[in-house]
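The values are calculated or read from the model by the stated rules, or taken from the named source; none is laboratory data. Worth saying up front: this structure is predicted, and the values here are computed from it rather than measured. Methodologically, a virtual Cβ is constructed for each residue, glycine included, from the backbone with ideal geometry; neighbour enumeration extends over all protein chains shown.
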Amino acid sequence: MSKARQTVLVTGGSGYAGQFLVHALAEVHTVHYTFGTRQLTSAPTTAVAHKVDLATGDGLQEVFDKTAFHVVINCAAISQPGLCESSPDVARAVNVPIHLVNCILRQEQSNGTRAALIHFSTDQVYDGSHAMWREDEPCSPVNTYGKTKLEAEQHILSRLPASFPVAILRSSIIYGPPPPDPVSRALFLQFVASAVRGGALTTFFDDEWRSPVYIRDLERLVSRLIEANAALETRKPTTSDAAGVTAAPTDGVPGSENALFRVAWRQRVFNTGGPERLSRVDMARQVADALNCDYSAILPASTASVNRGVASPADISMDVSRLTEELGFHTTPFNEALREIFPPQPVSAT
Ligand SMILES: NC(=O)c1ccc[n+]([C@@H]2O[C@H](COP(=O)([O-])OP(=O)(O)OC[C@H]3O[C@@H](n4cnc5c(N)ncnc54)[C@H](OP(=O)(O)O)[C@@H]3O)[C@@H](O)[C@H]2O)c1
């Protein structure tokens, strides 16, 4: 598969997902990233950092003025539902990428480079009223975070013409190793691991389901989308360009995985989860198994027993068949990923 070098901008490159993407993509591509408050100390030396305020757009146009981007990956967000609930205006200003879309449109007008956009959305666009959501079902988020993220999707799809390559990844909980630079919020997997290792009784919900996704799968998925974009013939839309993006077999491998991924740029919205529907208790038990701990710290509880101060959808497990069947892309089962993250320790001889 061709690995044509692309110039890529990762917004929110200092966040959890953004950091992994910056590191993985810099091995192949020219990577720029934005941060709001925390410039990375660990970033690859080739990665170019830009401080911006995505709520106001301050600094963003200057980033685009200096560099033409082939791909923009939008990982920036106010991603904590509690913060979104207490500061809805700030959440909306950051999460709905008005300024970013302006810059992408202006870039094409000014120098003809059409940037493909990979936008991170969330499973919280679904209301949680049943299991295994599909992308074409109506969305009715139950909290401000989900509402701003749904508005972001609608904003992108309504403002970027159909001819623009856009992939909206509705991500479930993202888990993996600790990031190279610390982030300012608790990380799901590390919280669970510390609870089951520490042994203090910790409440886990047995009536809230998710399809957690491994960060390494997101790295692979984003890399494949970028490779496919490199193989696209990008050009300004014409009136006869009804289908939008033209998938030109410029990589010389028709029918290859790359060809499948070129089609991804027309499909646009993908549930991006792991292959399973897991309750919080299921996840905690699998982490305990991976760490060779017993289940004594895991206290199953109902969501009704705790006031979290923000509504949380009950069941937003996702059907990921669009990824698996249309792209041939398979995500990693939770227990397999855990074996990679927490490899079994050799038993020391006594
Ligand atoms: N993590 C998950 O489990 C999960 C699940 C579903 C969907 N998602 C989505 O996936 C994406 C990545 O999530 P994540 O967990 O990596 O997020 P994160 O760790 O919370 O990082 C958020 C990023 O946004 C940046 N940011 C926030 N406000 C900003 C502002 N005003 N100006 C400029 N930058 C700003 C932060 O910059 P600084 O820190 O430098 O200020 C940081 O780089 C988000 O869109 C999120 O909604 C995440």
For this session: Given the conditions (1) touching a Pro at 6+ places or on another chain (Cβ under 9 Å); (2) in a helix (DSSP H, G or I), report the number of the one that ASP217 does not fulfil.
Result: (1)
Problem set entry | Residues located in region 85-106, provided they are surrounded by fewer than 18 Cβ atoms within 10 Å (Cβ to Cβ), over 19 Å from the mean Cα position of the chain (by Cα) and assigned to a helix (DSSP H, G or I) | GLU85, SER86, PRO88, ASP89, VAL90, ASN102, LEU105, ARG106
Problem set entry | Filter pass, SER256 being modelled with pLDDT under 95, under 19 Å from ARG197 (Cβ atoms) and among the hydroxyl-bearing types (Ser, Thr, Tyr) | no
For this session: Would you check which residues across region 265-296 are assigned to a loop (DSSP other than H, G, I, E, B) and at pLDDT 95 or above and list them?
Result: GLY273, GLY274, PRO275, GLU276, ARG277, LEU291, ASN292, CYS293, ASP294, TYR295, SER296
For this session: Could you tell me whether any residue of region 307-317 is crowded, with 17+ Cβ neighbours inside 10 Å and modelled with pLDDT under 95?
Result: no
Exercise. Residue check: is ALA91 within 11 Å of the ligand (Cβ to nearest atom), over 21 Å from TRP265 (Cα atoms), touching a Gly at 6+ places or on another chain (Cβ under 7 Å) and touching a residue at least 12 places away in the same chain (Cβ under 8 Å)?
Worked result: no
Exercise. Taking only pairs six or more apart or across chains, which ones have beta-carbon atoms under 9 Å, a first residue in region 305-324 that is in a loop (DSSP other than H, G, I, E, B), and a second residue that is basic (Lys, Arg)?
Worked result: ILE316/ARG210; SER317/ARG210; SER317/ARG277; ASP319/ARG134
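To keep it simple, each residue is scored yes or no on (1) aliphatic (A, V, I, L, M); (2) buried (at least 18 other Cβ atoms within 10 Å of the Cβ); (3) in contact with a Phe, Trp or Tyr (Cβ under 6 Å, 6 or more places away or on another chain).
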position: LYS149; (1), (2), (3): no, yes, no
position: PRO165; (1), (2), (3): no, yes, yes
position: ILE174; (1), (2), (3): yes, yes, no
position: PHE205; (1), (2), (3): no, yes, no
position: PRO212; (1), (2), (3): no, yes, yes
position: ILE215; (1), (2), (3): yes, yes, yes
position: ARG220; (1), (2), (3): no, no, no
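Yes/no per residue for (1) out of contact with any helix residue (DSSP H, G or I) (no Cβ under 6 Å at 6 or more places or on another chain); (2) surrounded by 15 or more Cβ atoms within 10 Å (Cβ to Cβ):
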{"position": "GLU27", "(1), (2)": "yes, no"}
{"position": "TYR33", "(1), (2)": "no, yes"}
{"position": "THR37", "(1), (2)": "yes, no"}
{"position": "THR46", "(1), (2)": "no, no"}
{"position": "GLU62", "(1), (2)": "yes, no"}
{"position": "LYS66", "(1), (2)": "yes, no"}
{"position": "LEU83", "(1), (2)": "yes, yes"}
Seminar exercise, completed: Among strands (runs of 3 or more DSSP E) completely within region 107-208, the ones holding 2 or more residues that are touching a residue at least 12 places away in the same chain (Cβ under 8 Å), aliphatic (A, V, I, L, M) and within 16 Å of the ligand (Cβ to nearest atom) are 116-122, 166-171
Exercise. What residue, of TYR126, TYR145, is over 21 Å from GLY15 (Cα atoms), at pLDDT 95 or above and buried (at least 23 other Cβ atoms within 10 Å of the Cβ)?
Worked result: TYR126
Problem set entry | Selection from region 274-332 of residues that are on the phi > 0 side of the Ramachandran plot and over 20 Å from the mean Cα position of the chain (by Cα) | ASN292, GLY309
